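**Student:** Please read through the structure below; I'll follow up with questions.
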Amino acid sequence: MPGPLRGTRVVEFAGLGPGPFAGLLLADLGAEIVRIDRIPRPGASGDTPLNPVQRGRRSLAVDLKNPRAVGAVLRLIASADAVIEGFRPGVMERLGIGPEVCLARQPALVYGRATGWGQSGPQAHLAGHDINYLALSGALDPIGRRDTGPVPPVNLLGDYGAGGLYLALGVVAALLEARGSGQGQVVDAAIVDGAAHMTTTLQWKRSIGTWNAERGTNTLDTGAHFYDVYETSDGRHVSIGALEPQFYARLRDVMELTAPEWDDPRDETRWPELTVRLAELFRTRTRGEWCARFAGHDACFAPVLTLDEAPAHEHNAVRNTFVERDGVVQPNPAPRLSRTPGEIGCPPPEPGADTETVLRGAGFGAEEIAVLRKEGAVH
C-alpha cells in the first residue's frame, strides 16, 4: 500500500462502528492492517458485497477463547506498531490480550481503545449506542428545529466523527511520539469525549451568552432564515448558508429580495417571518431551476443531494470523490495528500481469508499452523 503510513503495522480486532472506521482511515493512508475476526459460522458469507469500511485489510480468523489462538495473536502483536479494539472495558483483559500484556511484549506498542463511555467512569461498563453518547455529551440537544425534539444525525457524528476519527488521530499521534521515546501507550477514545470536544465552540458561546439554549433559535441551528434547508416545488431540498454580509447580498440579488425587511439579517425578531417568506419563494421552482439560477453566484447555495445522487454530481465526479469498486459505490480516501496520497487497497476480505498468509508472515511454520487448525484455534 502507498500512503504516509506505509510500513505501519496494525492489528485490528473486528467490531462495529468507530473501530472499523478508524481502521479504514489508517488503511486508506497506507497502514498494513491485519483484522482479527471471529471464526465464521458454517454457511455464513456470501453473495452480498462486503462493507467497504472493511477494505484494505487482511483477515485472520481465530477463536479467542482458545489459549493457542490467544498465543498466536500475541505473537502477531509483538511485531506490530498498533492495536485497535472496540470491546467494553475489561473484555480484552479477560481474554489475556489487554494492554499490560501486549506492552510487555512490545514496549513501543500503541494500544487504541474505542468505546462509547470510555475506559473509566460510572457508565463505563454499561451498554450504549451512538445516540446515547451524543445525548450525554451535550452534542445532541442543539440539533433540531425549534418546534421539534433533538434529531439524531444518523450515526455519522458519534460513531464515525467523535469515535473513529478521534481514535485514528489518537493512534497516529501516539505513533509519532513512540518513534521518539520508544515507549507505547494506551489511547482511550470514548465517543462521549469526542462529541463533547466537538462542542467546544458551542460551550464558549453559551458561556458568553451568544447561544440560546432553546433549540432552533440560533444562527447555525435553523433559527436564521439565511442558514437553513428549504423544500422546492418538486419535493426536493436546497441549502442556504449565507452567513457573511457579502453572501447575504448575493442571496438577495438572486432571489430579488429588494424590500426593506430583508435589510438587516441580524434582526432575530424577524427571522421566523423571513424564514416563512423564503420557504414560500423556494417552493415556486424546482430544485434544478434553483440550481440553474444560483449557478456561478457566491451565495453559499447547494442542492441537498441524496446518497444516490452525490456520486454523479459534477463537482464530485471531477474530483473523483466517489468510485465504484467490487460492485459497490464508495468514497475515495480522504484527506488528499500531495506527495504520498492514500489509495483504496484490497477488497474487504471474508473472515479468515488470509489466515495462512498472515501466520506465515508472522513466522509460523507449517507444522505450527497445522496444529492451530487441528485444535480449532484458527480458521
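The values are calculated or read from the model by the stated rules, or taken from the named source; none is laboratory data. These numbers were taken from a predicted model, which means no experiment stands behind them. Here Cβ is always computed from backbone atoms with ideal geometry, including for glycine, and neighbour counts include all displayed protein chains.
**Student:** Looking at (1) out of contact with any His (no Cβ under 7 Å at 6 or more places or on another chain); (2) closer than 30 Å to Glu273 by Cβ; (3) not in a helix (DSSP H, G or I), which is the only condition Val154 fails?
**Tutor:** (2)
**Student:** Filter segment 59-88 for residues that are surrounded by fewer than 18 Cβ atoms within 10 Å (Cβ to Cβ) and within 24 Å of the chain's Cα centre (by Cα); which is nearest to Val11 (Cα to Cα)? Steps first, answer last, please.
**Tutor:** Quick first cut of segment 59-88, residues surrounded by fewer than 18 Cβ atoms within 10 Å (Cβ to Cβ) only: 63, 65-68, 71, 74-75, 78-79, 87-88.
Okay, now just the ones that are also within 24 Å of the chain's Cα centre (by Cα), so 87-88.
Numbers: Phe87: 14, Arg88: 18 Å.
Selected residue: Phe87.
**Student:** A follow-up question, please. Checking the structure you have, find out if any residue of segment 263-285 is out of contact with any strand residue (DSSP E or B) (no Cβ under 8 Å at 6 or more places or on another chain), under 30 Å from Tyr133 (Cβ atoms) and among the hydrophobic types (A, V, I, L, M, F, W, C).
**Tutor:** Checked segment 263-285: no residue is out of contact with any strand residue (DSSP E or B) (no Cβ under 8 Å at 6 or more places or on another chain), under 30 Å from Tyr133 (Cβ atoms) and among the hydrophobic types (A, V, I, L, M, F, W, C).
**Student:** Which one is surrounded by the most Cβ atoms within 10 Å (Cβ to Cβ) among residues in segment 145-168 that are in contact with a Lys or Arg (Cβ under 9 Å, 6 or more places away or on another chain) and of a type in the set (A, V, I, L, M)?
**Tutor:** Leu167
**Student:** What's the number of the only condition in (1) more than 24 Å from the chain's Cα centre (by Cα); (2) assigned to a helix (DSSP H, G or I) that Leu165 fails to meet?
**Tutor:** The one condition Leu165 does not meet is (1).
**Student:** Out of all the residues in segment 356-364, is one or more basic (Lys, Arg) and within 22 Å of the chain's Cα centre (by Cα)?
**Tutor:** Kept after step one, since they are basic (Lys, Arg), are these residues of segment 356-364: 360.
Okay, now just the ones that are also within 22 Å of the chain's Cα centre (by Cα), so none.
There is no residue in segment 356-364 that is basic (Lys, Arg) and within 22 Å of the chain's Cα centre (by Cα).
**Student:** On the given criteria, is Ala61 at pLDDT 95 or above, over 23 Å from Gly163 (Cα atoms) and either touching a helix residue (DSSP H, G or I) at 6+ places or on another chain (Cβ under 6 Å) or charged (D, E, K, R) (or both)? Even if it seems obvious, please write down each step before you answer.
**Tutor:** Working: at pLDDT 95 or above: yes; over 23 Å from Gly163 (Cα atoms): yes; either touching a helix residue (DSSP H, G or I) at 6+ places or on another chain (Cβ under 6 Å) or charged (D, E, K, R) (or both): yes.
For Ala61, the condition - at pLDDT 95 or above, over 23 Å from Gly163 (Cα atoms) and either touching a helix residue (DSSP H, G or I) at 6+ places or on another chain (Cβ under 6 Å) or charged (D, E, K, R) (or both) - is met.
**Student:** Restricting to segment 153-186, give me the number of residues that are among the β-branched types (Val, Ile, Thr) and at positive phi. Lay out the reasoning, then the answer.
**Tutor:** Quick first cut of segment 153-186, residues among the β-branched types (Val, Ile, Thr) only: 154, 171-172, 186.
Next, from what is left, pick out any that are at positive phi: 154.
Count: 1.
**Student:** Here are some conditions: (1) surrounded by 12 or more Cβ atoms within 10 Å (Cβ to Cβ); (2) modelled with pLDDT of 95 or more. Arg325 meets all but one. Which one does it not meet?
**Tutor:** Status for Arg325: all satisfied but (2).
**Student:** OK, next. Among (1) surrounded by 15 or more Cβ atoms within 10 Å (Cβ to Cβ); (2) touching a strand residue (DSSP E or B) at 6+ places or on another chain (Cβ under 8 Å), which single condition is Ala362 missing?
**Tutor:** Result: Ala362 fails condition (2) only.
**Student:** Let me ask something additional. In segment 25-42, what residues are among the aliphatic types (A, V, I, L, M) and part of a strand (DSSP E or B)?
**Tutor:** Going through segment 25-42, the residues among the aliphatic types (A, V, I, L, M) turn out to be 25-27, 29, 31, 33-34, 36, 39.
If the condition is that a residue be among the aliphatic types (A, V, I, L, M) and part of a strand (DSSP E or B), then Ile33, Val34, Ile36 are the ones that fit.
**Student:** Only one of Thr199, Thr222 is in contact with a Lys or Arg (Cβ under 6 Å, 6 or more places away or on another chain) and over 30 Å from Gln106 (Cα atoms); which? Spell out the reasoning first.
**Tutor:** Numbers: Thr199 fails: in contact with a Lys or Arg (Cβ under 6 Å, 6 or more places away or on another chain).
Checking each option against the conditions leaves just Thr222.
**Student:** Would you please name the residue that is surrounded by the most Cβ atoms within 10 Å (Cβ to Cβ), looking only at residues in segment 99-141 that are of a type in the set (Val, Ile, Thr) and in contact with a Pro (Cβ under 7 Å, 6 or more places away or on another chain)?
**Tutor:** Filtering segment 99-141 down to residues of a type in the set (Val, Ile, Thr) leaves 101, 110, 115, 131.
Narrowing further to those that are in contact with a Pro (Cβ under 7 Å, 6 or more places away or on another chain): 115, 131.
On the way: Thr115: 26, Ile131: 16.
Per the criteria, the residue is Thr115.
**Student:** Mind checking whether some residue in segment 310-321 is assigned to a loop (DSSP other than H, G, I, E, B) and among the small types (Gly, Ala, Ser)?
**Tutor:** Filtering segment 310-321 down to residues assigned to a loop (DSSP other than H, G, I, E, B) leaves 313, 319-321.
Checking which are among the small types (Gly, Ala, Ser) leaves us with none.
Scanning segment 310-321 turns up no residue that is assigned to a loop (DSSP other than H, G, I, E, B) and among the small types (Gly, Ala, Ser).
**Student:** Go through Gly46, Gly96, Gly30 for me and flag whichever is of a type in the set (Gly, Ala, Ser), modelled with pLDDT of 95 or more and surrounded by fewer than 15 Cβ atoms within 10 Å (Cβ to Cβ).
**Tutor:** On the way: Gly46 fails: modelled with pLDDT of 95 or more; Gly30 fails: surrounded by fewer than 15 Cβ atoms within 10 Å (Cβ to Cβ).
Among Gly46, Gly96, Gly30, only Gly96 is of a type in the set (Gly, Ala, Ser), modelled with pLDDT of 95 or more and surrounded by fewer than 15 Cβ atoms within 10 Å (Cβ to Cβ).
**Student:** Return the pairs, sorted by first residue and then second, in which the second residue is assigned to a helix (DSSP H, G or I) and not aliphatic (A, V, I, L, M), the first residue lies in segment 21-42 and is closer than 19 Å to Leu156 by Cβ, the beta carbons are less than 7 Å apart, and the residues are 6+ apart or on different chains.
**Tutor:** Phe21/Asp159; Phe21/Tyr160; Phe21/Gly164; Ala22/Gly164; Leu25/Gly164
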